[in-house]
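Working notes, structure below.
The values are calculated or read from the model by the stated rules, or taken from the named source; none is laboratory data. Quick caveat, the model's predicted, so the values are computed rather than measured. Cβ coordinates were reconstructed from backbone atoms using ideal geometry, including for glycine residues, and neighbour counts include every protein chain displayed.
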Amino acid sequence: MAKSLSKSAQINRANQLNSTHPAYYRARGSAPSEAVEQASHAKATLDNHANQLNPLSPAYWSSRGETPPPLDSSSSPTVAVKSK
């Protein structure tokens, strides 16, 4: 049976596996100041990627060179799905 880690060791390990945390980059040899910058860039990149996949986000439409459909205030927005 494997030895269980202490709570602080578990948190440290989780941070080292999380690309939006500076510990991820520190564990891979980056300087502390560089690790913070890389982690903040990773978060922004992941947020942008998520927005480009979300049809309710303007980034979704602009990444496709289109304008968002007008929203009808009486109903929730719907998105037409293109068939392949």
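Which residue pairs have Cβ atoms closer than 8 Å, lie 6 or more positions apart in sequence or on different chains, and pair a first residue in the stretch 9-33 that is assigned to a loop (DSSP other than H, G, I, E, B) with a second residue that is surrounded by 13 or more Cβ atoms within 10 Å (Cβ to Cβ) and aromatic (Phe, Trp, Tyr)?
Listed by first residue and then by second, the contacts come to LEU17/TYR24; ASN18/TYR24.
Answer yes or no as to whether ASN48 is polar (S, T, N, Q), at pLDDT 85 or above and not in a helix (DSSP H, G or I).
Taking the combined requirement at face value, the residue does not satisfy it.
Condition test on PRO22, is it in contact with a Pro (Cβ under 9 Å, 6 or more places away or on another chain), surrounded by 11 or more Cβ atoms within 10 Å (Cβ to Cβ), of a type outside the set (S, T, N, Q) and modelled with pLDDT of 90 or more?
So PRO22 fits the description; yes.
Identify, from the list SER74, SER83, SER4, SER40, the residue that is exposed (fewer than 14 other Cβ atoms within 10 Å of the Cβ), part of a helix (DSSP H, G or I) and modelled with pLDDT under 90.
Numbers: SER74 fails: part of a helix (DSSP H, G or I); SER83 fails: part of a helix (DSSP H, G or I); SER4 fails: part of a helix (DSSP H, G or I).
None of the others qualify; the one that does is SER40.
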